[in-house]
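Heads up: the structure comes next, in structure tokens.
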Amino acid sequence: MTRNLNHKILDCTIRDGGLVNNWDFSVKMVQDMYAGLSEAGVEYMEIGYKNSAKLLKGADAGPWRFLNEDFLKEVIHTKTDTKLSALVDIGRVDENDILPREQSQLDLIRVATYIKDVDKALELVRKFNSYGYETSINIMALSHVMENELTEAFEEINKSPVDVVYIVDSYGSMDYSDIDYLVAKFQRLLPEKQLGLHMHNNMQLAFSNTIMGASKGVQFLDSSVFGMGRAAGNCPTELLVSHLKNPKYEVRPVLDLIENHLIPMREKVEWGYIVPYMIAGVLNEHPRAAMALRASGEKDKYVEFYDKLTSPEVMPTNHHSD
């Protein structure tokens, strides 16, 4: 890869990985993650969701699901050069829970949205921006979005103060040619905005797609340590820090995190490249059916699962979560 010092790695192990273990990370692990990622030169660590428990049913989860500012200050006493980010979902965040940036440990708030709610997402962006935060908009399930919907959304995004616009491969169904096409389109239609990539590893292409985007000038690159994330997981942080030719990146602290925290966790919960997730990715489907299969007694019945998803009576679902 050509040497480019403009990339920023955003590690989302605690936020996205929490979808695997219900955000059951110890304070010690999160502190070690922040120290390790800081030492590795990673620019951002996503420390969880800033959603509001009162707006979510069954909100029984670890504290990283509903970040509380007082709790955050106890966990991260002293900030390093590594900035902290949190993600919010449309309809799941109480704006009154968001403090002005100078009173918060957070630097960046990312707003996840489906294309139909881009207007609501941009309302949140404007508010968070007025509080002093860096902001991003992450349009999910892009592989199911019509061209005209995207073009309309871009007109609104261009008028907004949002800093970063993400290309999100929600179903892990994209390859390098899709990334090439989308990055060019986003760059052409959003000339003033920085771009980001959030890739999933259903077809073992998360790393390849991420460095494809990076080579085209995408600045924000999402990853997670040991690829930890829902279902097939994400682009591994250890691969990005090893591959990007920036002298400030150092892989050794990330290997330490894997050895001490991720390996023991992987023995208890499952994520990563597994055939049912591959099948969902190939078919451009949400991984929920594959996740249900892996949680059942039939978890390795791959042929039956494939037949079920490809039989005519199974209509593709177009409702999503997270």
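Whether a residue is more than 21 Å from the chain's Cα centre (by Cα) and in a helix (DSSP H, G or I) was assessed, and LYS308 passes this test.
Filtering the stretch 121-136 for residues that are in a helix (DSSP H, G or I), open to solvent by less than 20 Å² (accessible area, probe 1.4 Å) and among the β-branched types (Val, Ile, Thr) leaves a non-empty set. So for the stretch 258-267 (the condition being charged (D, E, K, R), open to solvent by 40 Å² or more (accessible area, probe 1.4 Å), touching an Asp or Glu at 6+ places or on another chain (Cβ under 9 Å) and more than 21 Å from VAL111 (Cα to Cα)), does at least one residue qualify? Scanning the stretch 258-267 turns up no residue that is charged (D, E, K, R), open to solvent by 40 Å² or more (accessible area, probe 1.4 Å), touching an Asp or Glu at 6+ places or on another chain (Cβ under 9 Å) and more than 21 Å from VAL111 (Cα to Cα). The requirement of being without any contact (Cβ under 8 Å) to a residue 24 or more places away in the chain and under 19 Å from GLN204 (Cα atoms) is fulfilled somewhere in the stretch 240-254, by at least one residue.
Report yes if THR237 is among the polar types (S, T, N, Q), modelled with pLDDT of 95 or more and within 27 Å of LYS28 (Cβ to Cβ), otherwise no. Judged against the criteria, THR237 is a match. The set of residues from the stretch 44-66 being hydrophobic (A, V, I, L, M, F, W, C) and open to solvent by 10 Å² or more (accessible area, probe 1.4 Å) comprises ALA53, LEU55, LEU56, ALA59, ALA61, PHE66. ASP16 meets all of the listed conditions (1) at pLDDT 95 or above; (2) within 23 Å of SER170 (Cα to Cα); (3) open to solvent by 20 Å² or more (accessible area, probe 1.4 Å) but one, namely (3).
The selection criterion, being open to solvent by 50 Å² or more (accessible area, probe 1.4 Å), closer than 27 Å to ASP175 by Cβ and either at pLDDT 95 or above or of a type in the set (A, V, I, L, M) (or both), holds for TYR306. Restricting GLY132, GLY196 to those that are closer than 27 Å to ARG65 by Cα and within 16 Å of the chain's Cα centre (by Cα) reduces the list to GLY196. Scanning the stretch 154-184 for residues that are open to solvent by 10 Å² or more (accessible area, probe 1.4 Å) and assigned to a helix (DSSP H, G or I) yields GLU155, GLU156, ASN158, LYS159, TYR176, SER177, ASP178, ASP180, TYR181, LEU182, ALA184.
Looking only at the stretch 26-35, residues that are open to solvent by 10 Å² or more (accessible area, probe 1.4 Å) and either within 23 Å of GLY272 (Cβ to Cβ) or part of a loop (DSSP other than H, G, I, E, B) (or both) come to 2 in all.
Against the list (1) surrounded by fewer than 19 Cβ atoms within 10 Å (Cβ to Cβ); (2) modelled with pLDDT of 95 or more, the condition ASN318 fails is (2).
Residues considered: GLN204, GLN219. Of these, the only one that is more than 26 Å from GLU39 (Cβ to Cβ), open to solvent by 30 Å² or more (accessible area, probe 1.4 Å) and touching a residue at least 40 places away in the same chain (Cβ under 8 Å) is GLN204.
Listed by first and then second residue, the pairs linking a residue in the stretch 173-190 that is over 10 Å from MET212 (Cβ atoms) and modelled with pLDDT of 95 or more to a residue that is among the β-branched types (Val, Ile, Thr) and part of a helix (DSSP H, G or I), with Cβ atoms under 8 Å apart and 6 or more places separating them unless they lie on different chains, are SER173/VAL282; LEU189/THR151; LEU190/ILE157. Does ASP94 qualify as being open to solvent by 10 Å² or more (accessible area, probe 1.4 Å), more than 17 Å from PHE25 (Cα to Cα) and of a type in the set (Asp, Glu)? So ASP94 fits the description; yes.
The values are calculated or read from the model by the stated rules, or taken from the named source; none is laboratory data. Small disclaimer: the values here were computed from a predicted structure and weren't measured. Glycine gets a Cβ as well: all are built from the backbone with ideal geometry, and neighbour counts include every protein chain shown. Accessible surface areas use protein heavy atoms only, side chains included; no ligands, DNA or RNA. Shrake-Rupley method; radii C 1.70, N 1.55, O 1.52, S 1.80 Å.
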